[in-house]
Every structure is written in structure tokens, then in C-alpha cells.
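Worksheet: the structure to be examined is printed underneath.
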Amino acid sequence: MSVTSGARMKPLDRLWVFLATGFGSGFFPFAPATFASLLVTIGYRFLAPQPGPLAIVWVVGIAAVIFAVGIPLSRRTEEILGPDARPIVIDEVAGQLIAFAGLEPSWTVLVAGFLFFRAADIIKVPPAGAAERLKNGLGVMADDLVAGVYAHIALRVFLVLLAWFTRSRM
């Protein structure tokens, strides 16, 4: 069954699509993945736990749950909307959270983390491209998990360099 073929969705299918599209944000007409990442970034600004070891566990735990739930959600939503459907953005939600995990929600962290994640998600540095080719919803989720890890590492390096540069100029 495909929505594009004009078939009507069942109520449960509507729920799957609603969740997989980030509460409908994936239907944003321009760059839905970027829009979903931006919404996660804004949400992180206001809902992030205090930085520290427990914050990392908390945010990674939430991302892991989203990742695990996102696999069947993505698989079913691809069956409904078609393969590699652009409105599926639950993967951006998990990946963007990984990029921020354990970091304070300062404007520097938010802007840099958002940009690093979007770049990593678009460029698909290996093994992200290979991860994207996995089947049954796993590929939808896995490439953004890889992008989130890359973005997190880049963000941490950036913050260390920024702190060093700022101190050395004083």
C-alpha cells in the first residue's frame, strides 16, 4: 500500500507515519531533515539535562530508544510512503541527539552541533553510506547514528580548540 497511489491509510498506519515523520515535521516543504534537526536543536536548548556523565547516559539512552523504535517505524513508513521517503525524519532526531549528548546547551554548542550533524548526514562519510544501504528500516536509522557520532566527535574537538584559542589570546 502506498499513499502516493491514493490508498487511504488505516488509523494505525497514520500513527506510524506521524511518529516516523517527527510528529509531522518531516512534511515540511523545504529540507525536512534539516527542519527536524533544527527542531531537535531547539528542544535540546530547553530540555537538556545538566552537563556531565549522567547527562551523556540520559541523552544517549533516549537516542537509543528512538533508534530502536525508529527501525520498525521507518520500515513500515517506507512501505506506506515509498522507499527512502523524505518525510521520515525520526533518524535525524536520534542522530542530532547523539551529536549533543552530554554537552551544555550553549549557543556555541547548539549552532556548531547542528552544523556538524547536518554536514555529516549530507556528506555520508564512511561507514555512513554503507549503513544507509541496510534493509528493513535499519539503514534509515543507522546512517544518522554514524553521522551523530561523527558530529559529536567534531563538536568536542571544536570546543577544545575554541577553548584553547580563547585562552591563548588572553
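If you check residue 119 against the conditions, is it touching a residue at least 24 places away in the same chain (Cβ under 8 Å), out of contact with any Asp or Glu (no Cβ under 7 Å at 6 or more places or on another chain) and within 19 Å of residue 48 (Cα to Cα)? Give the derivation first.
Working: touching a residue at least 24 places away in the same chain (Cβ under 8 Å): yes; out of contact with any Asp or Glu (no Cβ under 7 Å at 6 or more places or on another chain): yes; within 19 Å of residue 48 (Cα to Cα): no.
Spelling it out, it is not the case that residue 119 is touching a residue at least 24 places away in the same chain (Cβ under 8 Å), out of contact with any Asp or Glu (no Cβ under 7 Å at 6 or more places or on another chain) and within 19 Å of residue 48 (Cα to Cα).
Given the options 73, 103, name the one that is in contact (Cβ under 8 Å) with a residue 40 or more places away in the chain, closer than 30 Å to residue 29 by Cβ and among the aliphatic types (A, V, I, L, M). Before you say what the answer is, go through the steps one by one.
Numbers: 103 fails: closer than 30 Å to residue 29 by Cβ.
It is 73.
Report whether or not residue 156 is of a type in the set (D, E, K, R), touching a helix residue (DSSP H, G or I) at 6+ places or on another chain (Cβ under 9 Å) and not in a loop (DSSP other than H, G, I, E, B). Explain how you work it out, then say what you get.
Details: of a type in the set (D, E, K, R): yes; touching a helix residue (DSSP H, G or I) at 6+ places or on another chain (Cβ under 9 Å): no; not in a loop (DSSP other than H, G, I, E, B): yes.
In short, no.
Within region 73-117, restricting attention to residues that are of a type outside the set (A, V, I, L, M, F, W, C) and surrounded by 22 or more Cβ atoms within 10 Å (Cβ to Cβ), which residue is farthest from residue 60 (Cα to Cα)?
Keep residues of region 73-117 that are of a type outside the set (A, V, I, L, M, F, W, C), which gives 74-79, 82-84, 86-87, 91-92, 95-96, 102, 104-106, 108, 113.
Then drop every residue that is not surrounded by 22 or more Cβ atoms within 10 Å (Cβ to Cβ), which leaves 74, 77, 91-92, 95-96, 113.
Details: 74: 20, 77: 24, 91: 14, 92: 14, 95: 10, 96: 11, 113: 15 Å.
Among those that are of a type outside the set (A, V, I, L, M, F, W, C) and surrounded by 22 or more Cβ atoms within 10 Å (Cβ to Cβ), it is 77.
Each value in this text was obtained by applying a stated rule to the coordinates, not by laboratory testing. Note that the coordinates shown come from a computational prediction; the quantities given were computed from them, not determined experimentally. Reconstructed Cβ throughout: ideal geometry from the backbone, glycine too, with neighbour counts over all protein chains shown.
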